[in-house]
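The values are calculated or read from the model by the stated rules, or taken from the named source; none is laboratory data. Treat the numbers as computed from the prediction; the structure is a model and nothing was measured. Cβ: placed from backbone, ideal geometry, glycine included. Neighbour counts: every protein chain shown.
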Amino acid sequence: MLFRSQASGVLAISQPTHAWVSGQILRAWEDNLREPLVLAAEQHDVGWLDRETEPTFNPSTGRPHLFREVGAATHAPMWIKGVQRARDAWGTHVALLVSRHGGVIYRRFIDRHRMNEADAAAAQNYLNTQAPIEAVWARALGLEALELERETGLIAFADTLSLALCGDLKTRLDLESPGRGGDALRMRLAERPGSSFDFVLSPWPGLFERTSWWPKARRVRCLGAYQMSSP
């Protein structure tokens, strides 16, 4: 779960909803992206679906656990299950990209986090288990390495931007996206001073004007226990 604080209150946004926002970002970002790529971005958190419908709670806040409060020992097996669910539902290309995005996350997880032994082992097991599977799927699909790297990078970019919009990452935020020719496109996300939920992405200020979406979220009232009002 993610929580976005606003002047009017706190919004609770589920992991699958945040992922859906990632897909909408890619749809607005570049024309003619292949549908498996956009679908993988939209569904990259499919492994969290069961947990988000029956969350565990943080006793100090009364809210469902923020996703960053959940260790890899819990969510790495969920991600593997999500990859299989993606393949069953949408095919190998989507599953491959969901799996590779998990790899991006768990490599970062190992590099950046102080982890207990169980979390470290779970993250490394994910990488060791999924890498040979991803190689087989990529060969079967005939995907070139550079193309696959770009698709993986686009999902990572959209995921990061969506996390910022959904309140998990603070702005100003510097981002990179893979360009068409393999070069990196650098940009900055900022919230307009004095405005609530009014963002500009430089040097692409028109991105959010091309979208007509915002995710389904619920207001949170925390009165010693977690409650949600109507969306």
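Results, tabulated for the structure shown:
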read-out: Verdict on Gly91 being closer than 26 Å to Arg180 by Cα, in contact with a Pro (Cβ under 8 Å, 6 or more places away or on another chain), surrounded by fewer than 22 Cβ atoms within 10 Å (Cβ to Cβ) and not β-branched (Val, Ile, Thr); value: yes
read-out: Sole exception among (1) surrounded by fewer than 18 Cβ atoms within 10 Å (Cβ to Cβ); (2) in contact with a Leu (Cβ under 6 Å, 6 or more places away or on another chain) for Glu151, by number; value: (1)
read-out: Total residues in the stretch 94-124, condition of a type in the set (Lys, Arg) and either touching a strand residue (DSSP E or B) at 6+ places or on another chain (Cβ under 7 Å) or surrounded by 22 or more Cβ atoms within 10 Å (Cβ to Cβ) (or both); value: 1
read-out: Test: residue in the stretch 162-170 that is of a type outside the set (Asp, Glu) and over 19 Å from Ser22 (Cα atoms); value: no
read-out: Which numbered condition Glu35 fails, given (1) within 22 Å of His101 (Cα to Cα); (2) surrounded by 18 or more Cβ atoms within 10 Å (Cβ to Cβ); value: (2)
read-out: From Ala145, Ala164, residue being of a type in the set (A, V, I, L, M, F, W, C) and either loosely packed, with under 11 Cβ neighbours inside 10 Å or in contact with a His (Cβ under 6 Å, 6 or more places away or on another chain) (or both); value: Ala145
read-out: Elements of type strands (runs of 3 or more DSSP E) in the stretch 154-220, at least 2 residues being modelled with pLDDT of 75 or more and closer than 18 Å to Ile105 by Cα; value: 173-178
read-out: Residue within the stretch 34-55 that is of a type outside the set (A, V, I, L, M, F, W, C), over 25 Å from Gly167 (Cβ atoms), in a helix (DSSP H, G or I) and in contact with a Gly (Cβ under 6 Å, 6 or more places away or on another chain) present; value: no
